[in-house]
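Engineer: A single structure is presented below for examination.
The values are calculated or read from the model by the stated rules, or taken from the named source; none is laboratory data. Please read these numbers as outputs of a predicted model, since none were measured by experiment. Note: ideal-geometry Cβ built from the backbone for every residue, glycine included; neighbour counts use all protein chains shown.
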Amino acid sequence: MAERKTTYKDSTTKKQVREFLFSLFLERQLYNIVGLGGPDITDYIAFCQSKGYENFEIFENHADTMIKQLQQVKNIRTLGKISLKYGDILDADPNRENVLFDLDYCVTVRYMREHIAKFKDNFIMTFARRIPDVETIGTFFAARAEKIVSKYERLMPFPHTIFKTEAGNKYVYVKYRDTSNMCCFAKL
């Protein structure tokens, strides 16, 4: 089993992907975010604040990381509030409105079908890419009960694929390598 990463400060590619995907939501004027602050919660919140987010519901299910977050969060200034929840982000309320869900699952789509389906709008889902892309994409859209009607490959500003479905929904898919092969789906 891979060792748990203790910091993302040197994860250049992950930061570039996050910057690109968050930029897709700028016009929506979402002020609330549900996500994972990780071991560098001050960096995560500062990044989200730079994108206009004011209220944070941060999940963490590792006690040692949560303790570090509690020590760091007391020094963070925000216009809104920060709520730290000890538990799994899978328990987040998927029906909240005006929220960006920043969901980093760290497993393949094979094991997340139920959770892929329950989040409806305004999300970024990150998965491990240890299975073929065809299976990843197929499983994701099958879990959402949607059929792809068009696919566009784009290289700028970051290589990505835009999928449109028969339900009229638009998704952006990005695959990248940081410490391991990863991918993200963003539902716009």
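Engineer: Cβ-Cβ distance below 6 Å, separation of 6 or more or different chains: which pairs start in the stretch 82-108 with a residue that is over 16 Å from Lys120 (Cα atoms) and end on one that is charged (D, E, K, R) and outside any strand (DSSP E or B)?
Structural biologist: Taking only residues 6 or more apart or on different chains, the pairs are Thr108/Arg130.
Engineer: Give all pairs with beta carbons closer than 7 Å in which a residue from the stretch 35-51 that is under 17 Å from Leu21 (Cα atoms) meets a residue that is in a helix (DSSP H, G or I) and not polar (S, T, N, Q); count only pairs at least 6 apart in sequence or on separate chains.
Structural biologist: Filtered contacts from the stretch 35-51: Leu36/Ile89; Gly37/Tyr44; Gly37/Ile45; Tyr44/Gly38; Lys51/Phe22; Lys51/Leu26.
Engineer: A further question follows. Do you know which residues across the stretch 72-94 are modelled with pLDDT under 85 and of a type outside the set (A, V, I, L, M)?
Structural biologist: Lys74, Asn75, Arg77, Thr78, Gly80
Engineer: What number of residues within the stretch 55-79 are farther than 13 Å from Val34 by Cβ and not in a helix (DSSP H, G or I)? Talk me through it step by step, then tell me what you get.
Structural biologist: Residues of the stretch 55-79 that are farther than 13 Å from Val34 by Cβ, as a first pass: 61-79.
After this cut, where a residue has to be not in a helix (DSSP H, G or I) as well, the list is 61-62, 74-79.
Of the residues in the stretch 55-79, 8 are farther than 13 Å from Val34 by Cβ and not in a helix (DSSP H, G or I).
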